[in-house]
1. Taking I194 and the conditions (1) modelled with pLDDT under 95; (2) under 28 Å from the mean Cα position of the chain (by Cα); (3) more than 25 Å from T576 (Cβ to Cβ), which numbered condition does it fall short on, given that it satisfies the others?
2. Would you mind telling me which numbered condition in (1) outside any loop (DSSP other than H, G, I, E, B); (2) of a type in the set (D, E, K, R); (3) farther than 30 Å from L445 by Cβ; (4) out of contact with any strand residue (DSSP E or B) (no Cβ under 9 Å at 6 or more places or on another chain) R552 fails?
3. Does the range 405-418 hold any residues that are outside any strand (DSSP E or B), surrounded by 11 or more Cβ atoms within 10 Å (Cβ to Cβ) and charged (D, E, K, R), and which are they?
4. One residue is enough: does the range 564-576 have a residue meeting the conditions in contact with a Lys or Arg (Cβ under 8 Å, 6 or more places away or on another chain), surrounded by 19 or more Cβ atoms within 10 Å (Cβ to Cβ) and modelled with pLDDT of 95 or more?
5. Are there any pairs with C-beta distances below 6 angstrom linking a residue in the range 561-579 that is within 17 Å of S456 (Cβ to Cβ) to a residue that is among the β-branched types (V, I, T) and modelled with pLDDT of 90 or more, with the two at least 6 apart or on different chains, and if so which?
6. Please give the number of the condition A180 fails out of (1) in the same structural domain as Q583 (by TED's automatic domain parsing); (2) touching a residue at least 12 places away in the same chain (Cβ under 8 Å).
7. Does any residue of the range 336-347 turn out to be hydroxyl-bearing (S, T, Y) and over 30 Å from H203 (Cβ atoms)?
8. Out of the residues in the range 452-469 that are surrounded by 15 or more Cβ atoms within 10 Å (Cβ to Cβ) and over 30 Å from Y549 (Cα atoms), state the one that is nearest to the chain's Cα centre (by Cα).
Amino acid sequence: MMTPTFRGLRPPFIRSPAGDCPQTYRRCSLPMLDPNALSQLTQLKQTIRTEKNLSEGTVRGSQGRFGFVVLDDGREAFLPPDEMARVLPGDRVEISVKEKEDNQGSKKIDAELDKLVSSQTKKLVGQYIIRGKGHFVAVDMPQLNRWVFIPPKARGKAKAGDYLLCRLTRHPFEDGKGQAKVLEVLGNPEDANIEHKVVTQKHDLPLRWNKEQQAQTAAIASSELSQLSDYDKRAKLQDIPFITIDAETTRDMDDALYIESNDNGWRVSVAIADPTSSITEHSALDRAALQRANTAYLPGKAITMLPDDLSHNTFSLVEGQERPALVCQLQVNSDGAIDSAEFEFALVRSAHKLSYEKVAAFLQNDDKQAVAEDCQPLLSTLLECSNALNQYRSQHMLLMEDRDDYALELNERGHISDIKREERNLAQQIVEECMLATNRSAGDLFAKHPESGIFSAHRGFREERMDSIEKVINEDFAELKDLDLRSAAGYRELIQKLQQSDKNSTQLDAMRLMLQAGILTTEAAPHMGLGMDHYATITSPIRRYNDLYNHRALRAILEQGSITPPTQESLDSLQTRISSTRQSSRDLEQWLFCLFMEQHQNEEFEGRVFRVTSQGITVQIKAWGINGFVKLDPKAFKFDADRMTLVNDEQSFCLNQTVKVKLAKVDMDKKRINFTLVPQS
């Protein structure tokens, strides 16, 4: 952590004639103060601090030069540009809170920085900029518009335009003038895959395994299944002809399916890869997996949570190979209700590796050449069962909104050569329904054993948007005004009622933008977004650390043992790392999208309104899934933040509305794409 720095009572700074930068200073000496004067000065400082309205919070930047401090009590204080220049996003600060009213009578909070409590920013990634005699790194950091000075002796062999990895050597809190030192030149804009390299460094994604981790990997990969400590206790299910259904190129296959019909419906067997069979808690690989949190799927590259030898082979449910697995046996009734769920650790052998595309070709196009003949009855039965599961969820829970996927094809430079739109198919539905059923069953089991597993919870609407939502319901859906929207049952009923009519789709989309983010917790909380009482993921232990942990929790329950639950602090840390890996993928995609769109200047596209603000609309190109912003005159439109609409006498815009746009500008510095509207003919 950075050493706390106090504002005020600083020695004055005098410009130094040395150096070639106006940001070089030397301190003046101050006359010595006698002990009594020092005591009075200390007492005066304490009195001043006592009289201030001080609060702590975390700095959040913006797209402009200003920022905010999110206070620990949930309030948000405005940081004007001169104050924002002294801090970095994520800094913990103590501020003097000044409350005032705006022209509409609403209370606003301004922040004056008082103390830097801590800063987690140690490294900076960005592009080398030279302006006159000043040398800077233009930092690539969300919500930060800042150049940081690089002194002459800290520049190394960097050249203008290079992408750099730097260390922050001087925090800007004291006077708004930070400094950095070049640690590594990552490359120049013309290098192949430079975008991947920059994003990987920006998000501190680990690319290598240390010697201890490599040694453990080698030991696991070379060991025999019979050496497993619980080998004799495991159920021997190698004769069940499980199948895997994944993308054609997938190698980390962590789930396999089998199904049989019975008098009440179906008996579904879900086999899940079991890395906990060999990776013990707190071992080198376990610590590495916890640090990585999950597999980062970047365009053209995956940075795996576990070493490739293990995730692609030793633990992967490879066709024809015997593997350790956690197996969930589900009795699904003919109406799609789950009557029972049983878990056991077993040995399995996948009989076939199938792809989504070929399974969909068989199920949707009756292409009997797409999959092996002995798989066809199994797939047909799985489809019947998944339809029942889906129908049950639509009646008793909530269905997720269907969105198309987009596959990026990259060239040798790592840039996009083509984008393929992929509609959701029946093969994906089968896998999705089986995974949801398995995770829901795990959540229900954990709920019976307090503080055993990690739940994936979702608490519905953001509290600060509840007034807006209730206002819309009272005005437009009066028959629903008595629902308790903070409860799982009330939220579920609201969404189900709105889903019954297509005319409500725009308002549903607006409400989805008012939802909280999902959280990880050991509390048996509901997942309101899915409409489920409990939900705990166990189906991707090769790719997600919380799934890996939940396998250990299930083992403790099955063996009547114990497990030490993670603290909320450690769960929050895990959640932060998961969010960071997801953001890395979004950052790289946006960079590649901008490069791709530069090749399509002045072209017109059909899109849908993805988001609405007072300043304009974000439009997503339907063919490619690329977003761009259309700026509109806020004085010419009335913005309804509750319904997410912009309206005037001639035009109106709402979510999911189809519009035609023209590419106006690609801002590579800010990674933004701007459109203009094409007038309707």
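1. It fails just one condition, (1).
2. (3)
3. Step one: list which residues in the range 405-418 are outside any strand (DSSP E or B), which gives 411-415.
Applying the additional criterion that residues be surrounded by 11 or more Cβ atoms within 10 Å (Cβ to Cβ) yields 411, 413-415.
Within the range 405-418, R413 is the sole residue that qualifies.
4. Of the range 564-576, the ones in contact with a Lys or Arg (Cβ under 8 Å, 6 or more places away or on another chain) are none.
No: zero hits.
5. Cβ pairs passing all conditions: P565/T522.
6. For A180, the exception is condition (1).
7. Filtering the range 336-347 down to residues hydroxyl-bearing (S, T, Y) leaves 340.
Then drop every residue that is not over 30 Å from H203 (Cβ atoms), which leaves 340.
The answer is yes; a qualifying residue exists.
8. Taking the range 452-469 as the starting set, the residues that turn out to be surrounded by 15 or more Cβ atoms within 10 Å (Cβ to Cβ) are 452-461, 465, 468-469.
Filter again for over 30 Å from Y549 (Cα atoms), leaving 465, 468-469.
Details: R465: 22, S468: 26, I469: 25 Å.
Here the answer is R465.
The values are calculated or read from the model by the stated rules, or taken from the named source; none is laboratory data. Just so we're clear, the structure is a prediction, and the values are computed from it rather than from any experiment. For neighbour counting, all protein chains shown are included, and Cβ atoms are generated from backbone atoms with ideal geometry for every residue, glycine included.
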